[in-house]
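Comments concern the structure below.
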Amino acid sequence: MNTVKVNSSSALKSAFLLAASCLLLNSPAHADEEFYGTVESRPTQNAGVWIVNGQQLEVTDKTEIDQDDGPLIVGSCVEVEHKKGVVKELESVKSSKCGKK
């Protein structure tokens with residue numbers, strides 16, 4: 001019969017590292033996130049719930065709004081900087097950033 005000796009300290013470290021990496025991969029990002037997307041819906045005023053590329057985002061009175069590359073209307077391409085769905089900055093950008101010509 002063949003037996004394998006396992007260093008319990010080494011096995012415990014490996015198990016801990018595996019568990020920690022699984023938690024990190026499955027946890028929501030704590031840092032700010034940025035992405036480009038197309039505005040699918042938005043409220044009449046700037047503050048409120050916006051849908052950009054299927055993501056529900058909350059724009060507040062504290063959100064920095066930049067419309068230098070055009071108005072923020074349904075169908076426009078935007079750059080969104082948010083943290084956990086609360087938008088810090090919303091900026092109109094050229095449609096090529098969203099894969100449109």
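Side notes on the structure shown:
- Top-ranked residue of the stretch 60-79 - restricted to ones that are in a strand (DSSP E or B) and of a type outside the set (D, E, K, R), ranked as nearest to the chain's Cα centre (by Cα): Val78
- Count - residues of the stretch 43-101 that are surrounded by 16 or more Cβ atoms within 10 Å (Cβ to Cβ), among the hydrophobic types (A, V, I, L, M, F, W, C) and out of contact with any His (no Cβ under 7 Å at 6 or more places or on another chain): 11
Rule-based calculations on the coordinates, nothing more; no lab input. Owing to the predicted nature of the structure, the values given are computational and were not obtained by experimental measurement. Every residue, glycine among them, receives a Cβ derived from its backbone with ideal geometry; neighbour counts consider all protein chains shown.
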